[in-house]
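Since the structure comes first, as structure tokens, the remarks are kept for the end.
A short reminder: the numbers here are calculations on the coordinates, not readings from a lab. Note that the coordinates shown come from a computational prediction; the quantities given were computed from them, not determined experimentally. All Cβ positions, even for glycine, are placed from backbone atoms using ideal geometry, and neighbour counts span all protein chains on display.
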């Protein structure tokens, strides 16, 4: 069963597979469990065996894929909505092909989500770059991710030798308006500061745009979050 081809057929730009047990051993997951109020508790179903990682390319000329729109107390982005549709179709296909159950995973960690970048790197889709993002050969960091767990025991997709940050001048460091990469340049995450990145996100939120909802008297809010470190990365420019 070629899950990767099926996922791409349903609209994904990239796809890969890793084992649940391998993701449990990833540094981010181990750190999360150790700091959780319910330490040692896994966020996935007991019979989940494989993690399917779906990627949707987010080219620079399609910024609207990542515009967060909130209306009537809920919100989402067009890119994430498309990934949810792909996950739903793939889950139905796997159930029909194997009879094995699938478990869609929320995007946010605090709602039961998993570390998507770690899963994608384990699935051979790219590496964690010095911009603290998944960097893929095809699209650089300009890709959106979503996960699907399944009880099917799938073969992991093989990794590829790939480390574009090793000899890079790291334009992502100077592109950040908050200087969130002011730490050790030799570090794999370039000394990334969550706190400084959060400041920029809060500023973006404060500048949200109000716009009318077609066919309704309501208005909605649209947030255009910063992507400067993504867009500065030279990897995958010809593909995006």
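Determine, from the Cβ-Cβ distance of residue 21 and residue 89 and an R0 of 30 Å, the FRET efficiency 1/(1 + (r/R0)^6), rounded to the nearest 0.05.
About 0.65, to the nearest 0.05.
Take residue 238 and residue 97, extend 7 Å from each Cα along the Cα→Cβ direction, and tell me the distance between the two endpoints in nm.
Once both label points are built, they end up 3.1 nm from each other.
Multiplying the sequence separation of residue 205 and residue 155 by 0.36 nm and subtracting their Cα-Cα distance, what value in nm do you get?
The span from residue 205 to residue 155 would gain 13.9 nm if fully extended.
Suppose a student asked you for the relative contact order of the chain, using Cα pairs under 8 Å spaced at least 6 residues apart; what percent would you report?
Once normalised by length, the contact order is 23 percent.
Do the sum for the chain: with -39,500 (n - 2.57) for every DSSP H run of n ≥ 4, divided by all residues, what is the mean residue ellipticity at 222 nm, to the nearest 500 deg cm²/dmol?
Result for the chain, helices only: -8500 deg cm²/dmol.
Simple spin-label model, 7 Å along Cα-to-Cβ: residue 81 to residue 222 in nm?
1.2
Please compute, for the alpha-carbon atoms of the chain, the extent along each of the three principal axes and give them in descending order in Å.
The Cα atoms of the chain stretch 53, 47, 43 Å along the principal axes, largest first.
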